[in-house]
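The values are calculated or read from the model by the stated rules, or taken from the named source; none is laboratory data. Everything quoted here is computed from the prediction, not taken from an experiment. As a convention, Cβ positions derive from the backbone with ideal geometry for all residues, glycine included, and neighbour counts pool all protein chains shown.
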């Protein structure tokens with residue numbers, strides 16, 4: 001259900017957090033579960049205010065990355081805002097001023113790939129304080145072995161994965177999906193047990209990457225962050241390149257990686273798991289066209 005919080009409430013809380021009034025505001029996004037606004041302060045600063053059930057994950061990650069040479073927004077403050085008896089986190093952060101990767105000309109996108117991948121290798125320095133899982137749950141002591149965490153999704157043990165609902169969605173080839181889920185389970189079992197777990201973004205796409213003057217400016221939207229194998233993030237990026245960019249960008253992706261044969265096999269496993277994950281999410285939100293796109297990607301994967 002989309003949030004319908006009064007925008008003036010958001011601005012009042014955000015203004016009190018930074019002790020400064022706003023002279024202008026615009027919606028950047030009003031998605032299924034988050035409201036994101038761009039605001040301008042009296043001093044001329046452009047800031048971002050994000051409200052939603054997982055906005056506190058953004059706050060946790062941005063604080064975790066403070067002081068590190070990693071290009072993310074700077075955390076400025078956090079509060080809670082109530083809607084119909086439910087309290088939602090509200091986070092204020094700095095704003096990037098460049099262009100989103102998805103909005104720049106297709107022929108320029110390959111020029112950014114190497115730097116983007118290099119940035120995600122830097123994020124590996126933030127190690128998991130426990131095992132695998134959603135960052136706030138891991139931080140509070142609720143975690144899983146990495147293979148167990150992945151398998152929970154494939155088995156539908158994670159409440160956010162209702163495969164029976166997905167199987168019956170109008171754009172889904174049930175036979176193919178069942179086959180790929182079984183394939184995913186087989187591949188997860190074969191993953192090594194000694195993978196070093198670190199911070200994952202888990203939604204790397206052109207709408208979450210800012211660039212400027214042929215350089216990476218910053219990576220936004222950490223609401224879905226988890227702790228796990230960093231190769232999982234790279235495979236998510238490849239999935240996005242495959243369905244939203246071009247073959248030249250995809251070649252740049254593989255050229256930028258410095259993976260062993262074993263790591264490449266893991267990346268392939270995670271690519272399959274990402275495609276499966278996003279079929280589930282697009283069914284959940286009723287995005288018919290994207291379900292069809294993901295099913296086409298699933299069909300391309302070899303047995």
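Considering only region 176-201, state which residues are touching a strand residue (DSSP E or B) at 6+ places or on another chain (Cβ under 9 Å) and either modelled with pLDDT under 95 or more than 30 Å from residue 100 (Cα to Cα) (or both). Reasoning before the result, please.
Of the residues in region 176-201, the ones touching a strand residue (DSSP E or B) at 6+ places or on another chain (Cβ under 9 Å) are 195-201.
Those that are touching a strand residue (DSSP E or B) at 6+ places or on another chain (Cβ under 9 Å) and either modelled with pLDDT under 95 or more than 30 Å from residue 100 (Cα to Cα) (or both): 195, 196.
List every residue pair whose Cβ atoms sit under 7 Å apart, with the two residues 6 or more apart in sequence or on different chains, where the first one lies in region 158-169 and is free of Cβ contacts under 8 Å to residues at least 12 places away in the same chain and the second, anywhere, is assigned to a helix (DSSP H, G or I).
158/152; 167/174; 167/177
Does region 8-22 contain at least one residue that is surrounded by fewer than 19 Cβ atoms within 10 Å (Cβ to Cβ) and within 25 Å of the chain's Cα centre (by Cα)?
No, region 8-22 contains no residue that is surrounded by fewer than 19 Cβ atoms within 10 Å (Cβ to Cβ) and within 25 Å of the chain's Cα centre (by Cα).
Please identify the pairs in which a residue from region 186-209 that is at positive phi has its Cβ atom under 6 Å from the Cβ atom of a residue that is surrounded by fewer than 19 Cβ atoms within 10 Å (Cβ to Cβ) and in a loop (DSSP other than H, G, I, E, B), counting only partners at least 6 apart or on another chain.
Qualifying pairs under 6 Å: 202/224.
Looking at 18, 70, 13 in this structure, which one is closer than 30 Å to residue 117 by Cα and at pLDDT 90 or above? Quick ask: steps written out before the conclusion?
Numbers: 18 fails: closer than 30 Å to residue 117 by Cα; 13 fails: closer than 30 Å to residue 117 by Cα.
It is 70.
Identify all residues within region 105-147 that are assigned to a loop (DSSP other than H, G, I, E, B) and under 19 Å from residue 63 (Cβ atoms); write none if there are none. If you could, list the steps in order and put the result at the bottom.
First, the residues of region 105-147 that are assigned to a loop (DSSP other than H, G, I, E, B): 105, 109, 124-126, 128-131, 140-143, 145.
Correct list: 124, 125, 126, 128, 129, 130, 140, 141.
Within region 146-162, does at least one residue satisfy the condition of being out of contact with any helix residue (DSSP H, G or I) (no Cβ under 7 Å at 6 or more places or on another chain) and surrounded by 20 or more Cβ atoms within 10 Å (Cβ to Cβ)? Break it down into steps so the answer makes sense when it comes.
Filtering region 146-162 for residues out of contact with any helix residue (DSSP H, G or I) (no Cβ under 7 Å at 6 or more places or on another chain) gives 146, 148-149, 152, 155, 157, 159-160, 162.
Filter once more, keeping what is surrounded by 20 or more Cβ atoms within 10 Å (Cβ to Cβ): 146, 149.
Scanning region 146-162 turns up at least one residue that is out of contact with any helix residue (DSSP H, G or I) (no Cβ under 7 Å at 6 or more places or on another chain) and surrounded by 20 or more Cβ atoms within 10 Å (Cβ to Cβ).
Would you mind telling me which numbered condition in (1) within 15 Å of the chain's Cα centre (by Cα); (2) at pLDDT below 95 residue 226 fails?
Result: residue 226 fails condition (2) only.
Determine whether residue 156 is more than 16 Å from the chain's Cα centre (by Cα) and closer than 21 Å to residue 270 by Cα.
Yes; evaluated as a whole, the condition is true for this residue.
What number of residues within region 83-107 are touching a helix residue (DSSP H, G or I) at 6+ places or on another chain (Cβ under 9 Å) and either within 24 Å of residue 255 (Cα to Cα) or without any contact (Cβ under 8 Å) to a residue 24 or more places away in the chain (or both)?
5
Given the criterion modelled with pLDDT under 90 and on the phi < 0 side of the Ramachandran plot, identify the matching residue among 2, 50.
On the way: 50 fails: modelled with pLDDT under 90.
When all the criteria are applied, what remains is 2.
Of everything in region 49-76, what is assigned to a strand (DSSP E or B) and surrounded by 21 or more Cβ atoms within 10 Å (Cβ to Cβ)? Give them in sequence order. Let's see the steps before the verdict.
So in region 49-76, the residues assigned to a strand (DSSP E or B) come out as 49-51, 75-76.
Residues satisfying the conditions are 49, 50, 51.
Pull up region 173-202, narrow it to residues that are in a loop (DSSP other than H, G, I, E, B) and crowded, with 20+ Cβ neighbours inside 10 Å, then point me to the one that is nearest to the chain's Cα centre (by Cα). Explain how you work it out, then say what you get.
Applying the first criterion (in a loop (DSSP other than H, G, I, E, B)) to region 173-202 yields 173, 190-197, 201-202.
Pick out the ones that are also crowded, with 20+ Cβ neighbours inside 10 Å and you get 197, 201.
Numbers: 197: 17, 201: 5 Å.
Looking at residues that are in a loop (DSSP other than H, G, I, E, B) and crowded, with 20+ Cβ neighbours inside 10 Å, I get 201.
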